[in-house]
1. Using C-alpha positions alone, give me the convex hull volume of the stretch 94-241 per residue in cubic angstrom.
2. What order do you get for 141, 85 when you list them from fewest to most C-beta neighbours inside 10 Å?
3. Before rounding to the nearest 500, sum -39500 (n - 2.57) across all DSSP H runs of length at least 4 in the chain and divide by the residue total; then give [θ] at 222 nm in deg cm²/dmol.
4. Percent of Cα-Cα pairs per 10 Å bin, from 0 to the last occupied bin, for the stretch 172-263, please list those.
5. Run the dipole for the stretch 2-277 about the Cα centre, Lys and Arg Cβ at +1, Asp and Glu Cβ at -1, nothing else charged, and hand back the magnitude in debye, nearest 20.
6. For residue 173 paired with residue 73, estimate the spin-label separation in nm (one decimal), with each label point 7 Å from Cα along the Cα-to-Cβ line.
7. Taking the stretch 2-277 as the region of interest, what is the percent of Cα-Cα pairs per 10 angstrom bin, listed from the shortest bin to the one with the maximum distance?
8. Order these by the 10 Å Cβ neighbour count, fewest first: 191, 257, 18.
Amino acid sequence: MTDFIQLLFSGLSTGAIYALAALGFTLLWQASGTINFAQGEFVMLPAFAMLVFLSAGAPLWLGFVLTCFVASFVLGWVFKRGIVDPLFKYGMMPIVVATIGLSIALRNGVRAGYSAEAHAFPSLFPGSLFTVSGVTVSATDIGTFVFALALVLLVQTFLSRTITGRAMQAVAQNTESASVLGINVPRMILYTFAINAVLATAAALLVTPTYLAKFDMGESLGTKAFFAAIIGGFNNSRGALLGGLIVGVCENLAAAYISPAYKDAVALVIFMVVILFKPQGLLGKKVERKV
């Protein structure tokens with residue numbers, strides 16, 4: 001039982017990171033109908049950007065803040081204006097193909113331009129351990145879970161309690177109606193892309209100390225985040241949190257009680273089961289379309 005609880009806590013911290021990346025998927029889909037298959041690389045790039053700032057002598061917190069601004073511009077505005085906007089009028093498939101190509105280009109670009117080796121990354125939290133009733137939990141796991149959960153809840157609060165957030169939700173629900181009501185639709189969509197970039201930077205800050213900064217670190221993370229978003233419900237931002245936690249906990253338990261070889265397949269199995277019995281996701285809503 002003690003081992004199970006420890007695995008549960010560890011899985012929750014990993015799942016919270018998946019939830020951050022999955023939330024980016026759901027926000028982009030709701031606001032602009034965009035699926036970004038380079039989401040994993042959007043986590044990898046900020047990790048290396050923070051390494052650049054750290055090597056220049058900046059403390060970790062300053063490197064994170066500066067990277068948030070850089071990511072908002074490059075992974076938000078440039079990505080939207082340079083790739084999504086020109087291709088959006090041609091439908092979803094060109095955007096999917098373009099983001100898949102972008103992910104490959106970013107991985108190979110970092111490998112060729114920076115390094116193909118894994119680089120150590122400082123942790124935001126101390127490496128101390130806490131033991132309660134025989135259960136040992138690391139400060140890193142607790143801090144990662146709390147920090148990631150707080151960010152997800154902060155985004156939820158922003159969307160539901162602020163004028164800008166409600167305007168973004170209105171755009172997500174019906175772009176034409178939002179425009180008639182006087183909402184600046186392009187600006188709201190741009191805000192969504194910027195929020196996605198900041199969430200990806202936060203995910204990089206949390207995941208890189210454990211998995212190291214590698215050019216291919218985003219490949220697996222992006223795939224699991226995509227599965228988590230669908231499991232929770234692609235049209236429900238709260239579903240991203242649920243899906244991420246489910247994937248993180250289940251893959252931890254599978255690695256411990258079945259085999260580590262099956263860890264990376266857990267998200268795919270859960271994804272297949274969910275779409276078979278509830279295609280809209282656990283918290284998603286059915287969307288009727290006229291054909």
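1. Numbers: hull volume 22.1 nm³, N = 148.
Per-residue hull volume (Cα only) is 149 Å³.
2. Details: 141 21, 85 13.
In increasing order of surrounding Cβ atoms, one gets 85, 141.
3. One gets -23000 deg cm²/dmol as the mean residue ellipticity at 222 nm.
4. It works out to 14, 34, 32, 13, 6, 1, in whole percents.
5. Computed charge dipole of the stretch 2-277: roughly 580 debye.
6. Label-label distance for residue 173 and residue 73, simple model: 3.6 nm.
7. Calculated P(r), rounded to whole percents: 7, 29, 36, 21, 6, 1.
8. On the way: 191 21, 257 10, 18 29.
Neighbour counts put them in this order, fewest first: 257, 191, 18.
Each value in this text was obtained by applying a stated rule to the coordinates, not by laboratory testing. Just so it is clear, the structure is predicted and the values come from calculations on it, not from any experiment. Heads up, the Cβs are rebuilt from the backbone with ideal geometry, glycines too, and the neighbour counts pull from every protein chain shown.
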